[in-house]
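The values are calculated or read from the model by the stated rules, or taken from the named source; none is laboratory data. All of these numbers come straight from a predicted model, not from anything done at the bench. Every residue, glycine as well, gets a Cβ built from its backbone with ideal geometry; the counts of neighbours run over all protein chains shown. Surface areas here come from the heavy atoms of the whole protein model, side chains and all, with no ligands, DNA or RNA. Shrake-Rupley method; radii C 1.70, N 1.55, O 1.52, S 1.80 Å.
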Amino acid sequence: MMSFNEIAGNALLFFLVFGMSATVDIHMLLLQLKNIKAILMGVFLQFAILPVLGFLVVKYGTLDRSAGISLLVVTSSPGGSYSNWWCSIFNADLALSVTMTAISTLLSVVLMPANLLIYSRYAFDHADDADVVDSLDFNSLFIALTVVISAIGLGLFASAKVHSYKFNIYANKLGNYAGISLVAFSALLSNTSGGGDQKIWNHEWQFYVGVMLPCLGGLLLSNVLTSFVSLNKPERVTLSVECCYQNVGIATSVALTMFQGEELATAMAVPLYYGLLEAVILGFYCIGAWKLGWTKAPKNINFFTMIGTSFEVLTTEHGDLIAIEVSLPKNQKDLKEKTKIGSDGDILHLKHSIDECDEDEEMDYDETKCGW
């Protein structure tokens with residue numbers, strides 16, 4: 001029977017993924033499903049590049065056996081659902097992030113054990129590969145898979161059924177609040193259930209550099225490879241986040257199953273430290289990407305406006321309004337503003353000027369009105 005902590009954690013995970021999925025316009029998601037180049041690149045980064053980087057560190061670095069096995073599990077795990085949250089608050093391509101979460105979660109059932117079998121075989125003694133795979137908590141993995149896939153499905157269904165920009169914004173807020181709550185809940189559990197035995201700051205410098213290298217290397221290679229295949233900039237940011245942000249809870253579960261004593265403390269320190277690293281490194285990266293104009297948010301707005309506004313929703317709504325404006329007859333060229341009440345109850349303010357606007361005009365964002 002599941003404990004209260006497991007039920008609470010899965011409930012928060014469900015609302016996080018549901019909120020992020022319900023933010024996405026269903027038509028944008030269908031477009032991303034046809035974006036084969038981006039999806040294949042995301043799968044390649046997630047299940048080929050990062051596991052190889054983890055293997056190279058373990059094979060040629062100075063990490064001991066317990067830390068090495070834990071790092072292999074971290075780099076072979078599917079991306080954490082927090083990646084949707086990061087892409088949402090920093091306004092990367094959320095539709096692509098949700099699509100990648102669904103695909104990587106399904107593929108992880110096969111590719112994660114396969115990667116662990118291959119890389120643990122060549123990084124350690126042959127006896128270790130079976131130990132690592134046997135220590136995987138497949139029940140927890142399938143529960144997480146069910147929670148994530150059901151949340152994505154229900155969120156997208158709700159977005160398509162309601163088809164309201166106001167609903168998309170409220171769903172985004174729900175996902176953000178669930179994400180913050182899940183971070184706080186995870187931090188509380190790590191501080192109360194570990195008994196202080198993790199000793200995360202009692203290691204040699206080689207430990208910290210070794211655990212950091214896959215995250216930094218993955219981030220660098222993600223940007224290089226996605227730029228090489230000419231993905232658009234928000235897609236590059238999304239796939240970089242998807243590559244580096246890992247589900248460290250799986251490695252924690254493996255460590256608790258496989259090790260005891262000092263080995264357990266060392267193995268537990270790896271996912272804890274990697275979890276801190278990925279949050280800090282990706283936080284600075286996303287801020288830099290925003291300032292360079294690589295996200296959907298304008299680079300010249302206030303930071304708190306940027307993280308508090310879903311430009312995924314605003315960009316989609318703006319595109320719909322442009323389509324409506326272009327369809328207006330030319331004899332209405334003197335029309336300056338018109339208010340339209342949609343079938344879903346949303347009030348749309350349409351501005352139209354045939355002579356002064358064209359359909360490729362950039363969105364003019366007004367911070368004080370949270371709109372155009």
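Mind giving me the nanometre distance, one decimal, between the label points for Ala11 and Val209, set 7 Å out from Cα along Cα→Cβ?
The answer from the label model is 4.6 nm.
Quick check: net charge around Cys87, other residues with Cβ under 9 Å of its Cβ, Lys/Arg +1 and Asp/Glu -1? Can you show the working numbers first?
Numbers: positive: none; negative: Asp93, Glu242, Glu312.
So the environment of Cys87 carries a net charge of -3.
Counting other Cβ atoms within 10 Å of each Cβ, which trypsin sites (Lys or Arg not before Pro) in the range 26-78 have at most 15 and sit in a DSSP loop? Please list the in-between numbers first.
Details: sites: Lys34, Lys37, Lys59, Arg65; in loops: Lys34.
Qualifying residues, ordered by number: Lys34.
Quick check: residue separation of Ala114 and Glu262 times 0.36 nm, minus the Cα distance between them. What number comes out in nm?
Numbers: separation 148, 0.36 × 148 = 53.28 nm, distance 2.81 nm.
Separation in residues times 0.36 nm, less the Cα-Cα distance, equals 50.5 nm.
Relative to the present Cα-Cα distance, how much length would full extension add between Lys161 and Ile180 at 0.36 nm per residue of separation? Before the final figure, lay out each step's value.
Details: separation 19, 0.36 × 19 = 6.84 nm, distance 2.70 nm.
Net length gain for the segment: 4.1 nm.
Amide H of Gln246 versus every other amide H placed in the peptide plane: which residues, excluding those fewer than 5 positions away on the same chain, fall under 5 Å?
HN-HN under 5 Å from Gln246: Gly80.
Rolling a 1.4 Å sphere over the protein heavy atoms, what is the accessible area per residue of the range 227-291, to the nearest Å²? Display every interim value, and only then the final one.
Working: 2370 Å² over 65 residues.
Per residue, the range 227-291 has 36 Å² of solvent-accessible surface.
Given labels modelled 7 Å from the Cα in the Cβ direction, how far is it in nm from Lys37 to Ser230?
Simple spin-label model gives 0.6 nm for this pair.
In the structure shown, do any of Lys59/Lys233; Lys173/Lys233; Lys161/Lys299; Lys34/Lys161 have a Cα-Cα gap over 27 Å, and if so which?
Numbers: Lys59/Lys233 34 Å; Lys173/Lys233 24 Å; Lys161/Lys299 33 Å; Lys34/Lys161 22 Å.
Beyond 27 Å: Lys59/Lys233; Lys161/Lys299.
With the other protein chains left in place, how much accessible area per residue, in square angstrom, belongs to the range 16-80 at a 1.4 angstrom probe? Don't skip to the answer; put the middle values down first.
Details: 2210 Å² over 65 residues.
Heavy-atom SASA per residue in the range 16-80 reads 34 Å².
I need two numbers for the range 1-109: Rg to one decimal and Dmax as a whole number, Cα atoms only, in Å.
16.3, 49
Full-extension gain between Lys59 and Tyr170, please, as 0.36 nm times their residue separation minus the C-alpha to C-alpha distance.
Working: separation 111, 0.36 × 111 = 39.96 nm, distance 4.72 nm.
Length gained, Lys59 through Tyr170: 35.2 nm.
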